[in-house]
Structures are given as C-alpha cells and as structure tokens.
There are 2 protein chains.
Amino acid sequence: MTAPHKPASTSAPIHHIISHRWSPRAFDSRPVEPEKLRSLLEAARWAASAYNAQPWSFIVATKDDPENFQRVLECFVEFNQSWARHAPVVALTAAFLKFPHNGQPNRYAFHDVGQAAANLALQAAEFGLQIHQMAGIDPEKARKTFGVPPDYEVVSGIALGYPGDPAALPDQLRERELAARERKPLAAFVYAGQWGNPSPLVKP
Amino acid sequence: MTAPHKPASTSAPIHHIISHRWSPRAFDSRPVEPEKLRSLLEAARWAASAYNAQPWSFIVATKDDPENFQRVLECFVEFNQSWARHAPVVALTAAFLKFPHNGQPNRYAFHDVGQAAANLALQAAEFGLQIHQMAGIDPEKARKTFGVPPDYEVVSGIALGYPGDPAALPDQLRERELAARERKPLAAFVYAGQWGNPSPLVKP
C-alpha cells in the first residue's frame, strides 16, 4: 500500500493544488528538503492580512533537531502526538492579537493566521507534500515551553511531510485516512439577498 | 495606463498563484463569468477546517443584481464603498461560531473562514481575477440587512473582479495601488527552539 491520492470531488473546476491538498496522518519518514520548507514559509509570508498586519508566527522543528522536535510535539494533545511523531516536520502557529499600527485588538488575528496557513498548505501540495493542521494542542504549554509573549496566542499545530503508507496507522485512523473527503454543498453556504437563500451562482 | 502587475518579491520560489495574488482597489467594469465565480467558491469549499466544521458562509452579489449589490456595498464603511462600488462583484463572509458536532465554541471559526478566503483569493488569481478583502465593514448592519442568525458573525467584506486602471482612483489610492508589496522578512516570524530565535531554515 502506498500513500492515498485524494483529490477533491468538485462541482466546478479548481486549481490542482487546491483540489489535491488534504490532511494526512500517515507520513513518510523521508525528510523535507530545507529549500522546500523555506518556500512553504515564503508562501505563508505573502498571504493577505487586515492592514497588512501579518499577525502570523511559526515555531518549526525538523526531526534532525530531535530535542526541539520533541518540545513541539509535546505541545500537541496525546492523540495527535501518537501519529504526528512520525512526521519529519512539526510546527506551531501563533497570532499577534493587536494591530502594530495602533495597539488596538486585531479582530482578524486568527483569520489571517488561517490565510497564511492555507497558503503554506497549498505550496506544500505543489511539492507533493501535505500538512495536517491540528486544533488539538495545549496553547498554554506551548507558551511556557517557547516563551510566547503576552499579546500573542498559540493557534494551531502542524505536522508536515510527504504522505506515507496508511498501513502504518491503527485500524480506525487508517479507515479515516482512506475515506473520501467530504464537504457541504455550495448551496448550503453561498447566499444571495438573504441568509440561507442559495445564490443563483451555485444552484445545482 | 493598465492594471498593475504586482508579483511578490520572494526570497524562495513559490507558486505563481500565490505570488501573483494581491488586493487591488481599481477594478475593471468587465463582469466576472458566473462559472468562474462558482470555481472561486468551490475553491473556498475545499479549505481545511478544525473538525471539518466548514464554518464559512458567503453572501455574494453581482452588479447585474443592482439591488442586492447595493445592499452588500452599504455594509462596507464609506471609504471602502467609494472604490468597491466599481467592482463587478461584492461579498461578505461569515463564521459559524460553534462546532456543529457538539455545540461548543469553535476557537478556529475566524481562522478557518480565513483559510476559505485564502483559497478563494488564490483561485481568483489563477483566472487573472483578484479580490480585495476588507476589515472595514459594519458587521451588525450586515446582520440586520441579511438576517444573519445568532451564533454567526459577519467577518469581512470582499470586492472582486478583474484589476482595472489605477488612473481611475483618487491620487492617494493610486499611489498605494502602484506601490511595491511589502512583507516582514521570514526571520522576523519563523522561529526555532525559542520565541524570537530565527529558524536556521530562514536565515538570510
């Protein structure tokens, strides 16, 4: 068995890096080339953000730095550690919660960290890499471990690498790894004129 | 003068749809093909989200529906209305603030709306379209205008179309439209081992 190929089942044509992005839990042990990692972070860098505040930060560790890899890994919840430990790269994202230009709260801090993460994920897909973003982390443990300052919040965990053989996963995770990807239909979330009224653009 | 071409000045190679995405204020009056709009929304649909909750919604209006176009436009602050009124498409994004599977608050609601918006923006760039996302909106006016339910929050505004001639903009906006795009260097936000310590991956 090799890594699954899971292109999205789309109702309209989309770019292949968007349709081929998915979130594996089985990763190949093959290291990620440092120049590719740099391109992933560069892609994140060019995301849009409110007032160009660029509220995103990344704490990154590769397996060839086992001590820091372990320190990032231990900020994930145990379930996520169980599979993410096999990825060659792990990371945490963080958000600066204020606007640098006036010190006021940035309502878009998490939103724009999300935009940067999406860019990173798509650049990964372009290289045949994939990332798995995790809500299951311990943000305060990460704050203590890495000295994250007040006014910043640790947002998410990331496991990153070349997708691997799902045979290495426990039974239940292997099933999820091989299952088709699912999304709500467009008409469930694209509206016109009134909330809940499907836009004519997306009527089936 | 024609629409500016503003590829990012990158420190590592990134996919052209990521480097060529930018946020114009001058839009061409040319309508956007409905099938392309559908592809943009389909790209948003396939974004990643925590627990696959897909917390994003979009309220979309095209200029051939002038009444609804105006209703969306009037949810933007006046400054944004002044230039966005010339775009052929305007939209609002909204976030569902709870997880559907358990009704608990979704810490990633805004984050994942951001991921969907980033996908939409990149699919737009693939077609030679661009979007300009706006923090400058009146979310509560949008809630009243469109009947956005409790547990949802209106997040951002979007103007969308083919980039246009900056000559149509007032002087100050024209300067910003033509200025080079800027970002913090990678070493300012990619860390290893400790907050603020640049990762060896991104050292210049």
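The values are calculated or read from the model by the stated rules, or taken from the named source; none is laboratory data. Keep in mind the model is a prediction, meaning the values are calculated, not measured. For neighbour counting, all protein chains shown are included, and Cβ atoms are generated from backbone atoms with ideal geometry for every residue, glycine included.
A compact table of results
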item	result
Tally, over segment A:35-59, of residues that are at the interface with chain B (Cβ under 7 Å from one of its Cβ atoms), under 18 Å from the mean Cα position of the chain (by Cα) and not charged (D, E, K, R)	12
Of residues in segment A:7-28 being part of a loop (DSSP other than H, G, I, E, B), out of contact with any strand residue (DSSP E or B) (no Cβ under 9 Å at 6 or more places or on another chain) and not aliphatic (A, V, I, L, M), the one nearest to residue A:118 (Cα to Cα)	A:15
Out of A:140, A:153, A:175, sole residue that is more than 9 Å from chain B (Cβ to nearest Cβ), part of a strand (DSSP E or B) and of a type in the set (Asp, Glu)	A:153
Which listed residue, of B:87, B:121, is more than 8 Å from chain A (Cβ to nearest Cβ) and surrounded by 17 or more Cβ atoms within 10 Å (Cβ to Cβ)	B:87
Contacts under 7 angstrom Cβ, first residue in segment A:21-46 being closer than 21 Å to residue A:57 by Cα and aromatic (Phe, Trp, Tyr), partner modelled with pLDDT of 95 or more and in a helix (DSSP H, G or I), 6 or more apart	A:46/A:119; A:46/B:18; A:46/B:19
Residue list for segment B:29-43, filter: in a loop (DSSP other than H, G, I, E, B) and either crowded, with 20+ Cβ neighbours inside 10 Å or of a type in the set (A, V, I, L, M, F, W, C) (or both)	B:32
Odd one out for residue A:189, checked against (1) within 20 Å of the chain's Cα centre (by Cα); (2) closer than 30 Å to residue B:59 by Cβ; (3) without any contact (Cβ under 8 Å) to a residue 12 or more places away in the chain	(1)
Tally of residues being out of contact with any helix residue (DSSP H, G or I) (no Cβ under 8 Å at 6 or more places or on another chain) and either assigned to a helix (DSSP H, G or I) or buried (at least 18 other Cβ atoms within 10 Å of the Cβ) (or both) across segment A:57-71	6
Boolean, residue A:159 is more than 10 Å from chain B (Cβ to nearest Cβ), surrounded by 24 or more Cβ atoms within 10 Å (Cβ to Cβ) and either within 18 Å of the chain's Cα centre (by Cα) or of a type in the set (A, V, I, L, M) (or both)	yes
Residue A:126 vs. criteria surrounded by fewer than 24 Cβ atoms within 10 Å (Cβ to Cβ) and either in contact with a helix residue (DSSP H, G or I) (Cβ under 9 Å, 6 or more places away or on another chain) or closer than 24 Å to residue B:22 by Cβ (or both)	yes
Residue in segment A:1-28 that is surrounded by the fewest Cβ atoms within 10 Å (Cβ to Cβ), counting only those that are modelled with pLDDT under 95 and more than 10 Å from chain B (Cβ to nearest Cβ)	A:5
Some residue of segment A:72-83 being at the interface with chain B (Cβ under 10 Å from one of its Cβ atoms) and either hydrophobic (A, V, I, L, M, F, W, C) or over 19 Å from residue B:122 (Cβ atoms) (or both)	yes
Residue within segment A:75-87 that is under 23 Å from residue A:153 (Cβ atoms), part of a loop (DSSP other than H, G, I, E, B), of a type outside the set (Ser, Thr, Tyr) and in contact (Cβ under 8 Å) with a residue 24 or more places away in the chain present	yes
Set A:115, A:54: member being in a loop (DSSP other than H, G, I, E, B) and either touching a residue at least 40 places away in the same chain (Cβ under 8 Å) or surrounded by 24 or more Cβ atoms within 10 Å (Cβ to Cβ) (or both)	A:54
Segment A:129-151, residues that are under 19 Å from the mean Cα position of the chain (by Cα) and crowded, with 20+ Cβ neighbours inside 10 Å	A:129, A:130, A:131, A:132, A:133, A:134, A:137, A:142
Failed condition for residue B:181, given (1) in a helix (DSSP H, G or I); (2) closer than 30 Å to residue B:56 by Cα	(1)
